[in-house]
Every structure is written in C-alpha cells, then in structure tokens.
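Enquirer: One structure is given below, represented as structure tokens, and several questions about it will come after.
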Amino acid sequence: MSVPPIEAFYERVGDGRFLSSAYTAGPWSPDAQHAGPPAALLALAVDEHPQRRPDFRIARMSYEILRPVPVAPLTVRTRVLRAGRSTELVEAALAPEGGGEVMRATGLLVKTSPGSVPEVRPAPEVPGPDDAFDRGFFPIPWEQGYHTAVELRFAAGSVLETGPATGWFRMRVPLVLGEEIAPLSRVLVAADSGNGISSVVDFDRYLFVNTDLTVNVDRHPQGEWVCLDARTTVDAAGIGLAQAALHDEKGPLGRSSQTLYVAPRG
C-alpha cells in the first residue's frame with residue numbers, strides 16, 4: 001500500500017476526508033493503525049460538528065472498534081443524537097473510502113460555565129515527565145509508526161515488562177497537518193495505550209486486544225505531556241480490563257478504560 005509522506009498523523013483533503021500517514025501504524029502491522037490517532041480524529045470531528053454550541057465541552061468519548069483501522073484514506077461523518085439544555089450526544093463514524101465503518105464513537109458534551117462552582121481536585125499524584133525515563137520499546141520491523149510519532153517516558157514499569165506502569169506520552173507530530181494540536185487530542189492519542197504499557201500476560205504467548213475505549217475528562221488538559229497510570233486485570237475465561245488514571249503536569253484530569261479480548265496465540 002502506498003502511503004503519502006506526511007509529517008502528521010493525517011492530512012485533511014476535503015470535507016470529512018483525511019489521508020493517513022505511516023505514523024498512524026500500530027505495533028501489530030504496518031497496514032493497521034494504532035487506535036490512538038483515529039480516536040483523536042473522531043473526537044476532533046465531534047468537536048467540529050456544525051451544530052456544536054460554544055459553551056459545551058467534551059466530557060466523555062466512548063469508542064467501539066469494529067475492525068482494524070487501515071492506514072488508508074478515511075472519511076468521517078457526524079450526527080447529533082441529542083441536543084439538550086445541559087448535555088449533548090454526538091456520534092462520529094470512521095470508514096475507509098469505499099468500505100464500511102471500522103470505528104464509531106459517541107461524544108458526550110456538557111454545558112460549561114467557568115467559575116460557577118468551586119473546583120475540587122487533588123494535587124499531582126505521579127512523578128512528572130522530567131522524572132521519567134525512556135525504557136525502550138519492543139522491536140518493530142517498520143521504520144515509521146506510532147512508536148516514532150510519540151515520545152514515551154516511564155515513571156514506573158515499562159513496555160518490556162508485565163504489570164502496572166506509569167507512562168508519560170508526548171506527540172512528536174500534529175494530529176492533522178498544518179493544524180494546532182487540540183488539548184484533548186493529546187489525551188486521546190495516548191489513552192488507547194493503557195493495555196499496552198500495563199500488560200499482565202506474555203506478549204509472545206497471548207493476544208490482548210482492546211475492543212473498545214472509554215475516556216472521561218473533567219478538566220481541560222494542559223501542556224504537551226499526558227500520563228497514563230495504568231493497571232490491567234484478566235479473567236481466566238479470556239476477558240480483561242485495562243484502566244488508567246489520566247494526568248497532565250498539573251495533576252489528575254480523568255480516566256480511561258478498555259475491554260480486552262485475551263487468548264492464546266495460534
């Protein structure tokens with residue numbers, strides 16, 4: 001498959017149409033995207049939908065991953081499911097050109113009124129990115145992909161060991177070529193990595209694929225770095241759950257969860 005040389009995850013080429021770059025490729029195949037970039041792209045579409053009211057902000061994104069997202073031209077469509085006085089539901093769907101849907105999301109937007117209520121929030125709970133380190137990544141045979149588009153530092157754990165992990169993520173390229181990175185995009189590009197950094201089974205012996213992703217944010221993210229303080233549990237029947245507390249350098253900002261399909265390889 002020919003992939004255009006784009007210094008971003010995507011290039012906007014029309015109304016709801018995007019070219020995918022090699023940076024979107026995940027660690028399993030150079031032809032299949034890591035779910036983080038398309039998750040951020042769908043949230044951007046929700047935020048840009050024509051009927052969006054300016055005092056509403058995304059508080060939750062829920063994703064169904066219907067099949068692998070190809071590294072290919074993509075089309076995004078949105079529709080308003082409900083527009084209430086204090087909440088709004090917007091659906092966004094992603095499909096390759098000429099193909100069926102591969103990923104679908106529902107965004108919950110909540111009406112905001114800055115300064116109307118007292119802020120109640122804990123102080124930072126994890127070491128910051130300056131106290132975290134590059135601890136390596138498992139070998140990937142293709143040169144360009146999510147693993148080169150995102151900087152990853154660990155304050156605890158690593159990709160190369162099983163168990164809980166605390167990882168800081170920073171995008172090295174923009175989500176869309178020539179466009180400023182939205183704060184929520186930084187969170188969503190990272191959030192799908194919770195199961196990857198906190199795996200509890202041997203990668204060489206077992207699959208642990210997430211079938212969905214839910215991200216709640218109660219504070220507008222700030223800065224370039226996003227942290228996932230991630231934990232995974234697995235039932236012997238083959239269902240797992242990866243959960244992560246989300247942080248930026250100012251402190252906690254939300255949570256993510258992923259339902260996992262876990263099975264022996266082969």
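Enquirer: For segment 105-156, give me each residue that is of a type in the set (D, E, K, R), in a loop (DSSP other than H, G, I, E, B) and surrounded by 15 or more Cβ atoms within 10 Å (Cβ to Cβ).
Expert: If the condition is that a residue be of a type in the set (D, E, K, R), in a loop (DSSP other than H, G, I, E, B) and surrounded by 15 or more Cβ atoms within 10 Å (Cβ to Cβ), then Arg135 is the only one that fits.
Enquirer: Give segment 103-125 a look and list any residue that's out of contact with any strand residue (DSSP E or B) (no Cβ under 9 Å at 6 or more places or on another chain) and among the hydrophobic types (A, V, I, L, M, F, W, C), or say none.
Expert: Those that are out of contact with any strand residue (DSSP E or B) (no Cβ under 9 Å at 6 or more places or on another chain) and among the hydrophobic types (A, V, I, L, M, F, W, C): Val117, Val120.
Enquirer: So, of the residues in segment 219-248 that are charged (D, E, K, R) and at pLDDT 95 or above, which turns out to be surrounded by the fewest Cβ atoms within 10 Å (Cβ to Cβ)?
Expert: Asp235
Enquirer: Any idea which residue in segment 45-76 is farthest from Leu253 (Cα to Cα), counting only those that are in contact (Cβ under 8 Å) with a residue 24 or more places away in the chain and exposed (fewer than 13 other Cβ atoms within 10 Å of the Cβ)?
Expert: Top of the filtered list is Arg67.
Enquirer: Let me ask another. Only one of (1) modelled with pLDDT under 95; (2) among the hydrophobic types (A, V, I, L, M, F, W, C); (3) touching a helix residue (DSSP H, G or I) at 6+ places or on another chain (Cβ under 6 Å) is not met by Met61, so which one is it?
Expert: Result: Met61 fails condition (1) only.
Yes or no, residue by residue, for (1) part of a loop (DSSP other than H, G, I, E, B); (2) surrounded by fewer than 16 Cβ atoms within 10 Å (Cβ to Cβ); (3) at pLDDT 95 or above:
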| position | (1), (2), (3) |
| --- | --- |
| Arg170 | no, no, yes |
| Val173 | yes, no, yes |
| Glu179 | yes, yes, yes |
| Val187 | no, no, yes |
| Ala190 | no, no, yes |
| Gly196 | no, no, no |
| Asp204 | yes, yes, no |
| Phe208 | no, no, no |
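Enquirer: Could you list all residues from segment 184-243 that are in contact with a Pro (Cβ under 6 Å, 6 or more places away or on another chain) and under 13 Å from Gln258 (Cβ atoms)?
Expert: If the condition is that a residue be in contact with a Pro (Cβ under 6 Å, 6 or more places away or on another chain) and under 13 Å from Gln258 (Cβ atoms), then Ser198, Arg231 are the ones that fit.
Enquirer: Let me ask you something else. Quick one: Ala8 ticks every box in (1) outside any loop (DSSP other than H, G, I, E, B); (2) under 16 Å from the mean Cα position of the chain (by Cα); (3) of a type in the set (A, V, I, L, M, F, W, C) except a single one, so which number is it?
Expert: The number of the failed condition is (1).
The values are calculated or read from the model by the stated rules, or taken from the named source; none is laboratory data. None of the values given here were measured: they were computed from a predicted structure. Don't worry about glycine lacking a Cβ; one is built from the backbone with ideal geometry, like all the others, and counts go over all protein chains shown.
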